1. Pull out the extension gain between residue 48 and residue 73, defined as 0.36 nm times the separation in residues minus the alpha carbon to alpha carbon distance; nm, one decimal.
2. Does segment 30-119 classify as rounded, prolate or oblate by the C-alpha gyration tensor (a ≥ b ≥ c root eigenvalues; a/c under 1.5 gives rounded; else a/b over b/c gives prolate, otherwise oblate)?
3. How do the peptides 104-113, 46-55, 83-92, 68-77 rank, highest first, by the average count of neighbouring beta carbon atoms within 10 Å per residue?
């Protein structure tokens, strides 16, 4: 495998012997850390979707949800319930939101997980 990096601006380095890259395949709608197997269904969606999955801990604490547009403006904020370490909540966004990519932040204590999803009406 090889990789070529090209830039338009002048670089501080004129040459180097090697670059180490770690490539990890990931589905943008599903991750497996403390928010184990949590996903957004469907993705893309029409502004109504479900956040569903199992948390790594059996916490009953709420999960904070914050959705921002690509510019970082908050378009939705709520606290969702967790039952027996599972989350299964439907989200309905404002019908006036534009078709574009949004970022969904799930926050449990110190952990934050970011999901990308596309709104297509």
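Quick note: the coordinates plus some simple rules give every number you see, no bench work behind them. Treat the numbers as computed from the prediction; the structure is a model and nothing was measured. Cβ atoms come from the backbone with ideal geometry, glycine included; neighbour counts cover every protein chain shown.
1. Working: separation 25, 0.36 × 25 = 9.00 nm, distance 1.91 nm.
Going from the current span to full extension adds 7.1 nm.
2. On the way: a/c = 1.88, a/b = 1.75, b/c = 1.08.
Prolate is the answer for segment 30-119, as a/c is 1.5 or above and a/b outweighs b/c.
3. Values: 104-113: 15.3, 46-55: 17.0, 83-92: 13.3, 68-77: 11.8.
Highest mean packing first, the order is 46-55, 104-113, 83-92, 68-77.
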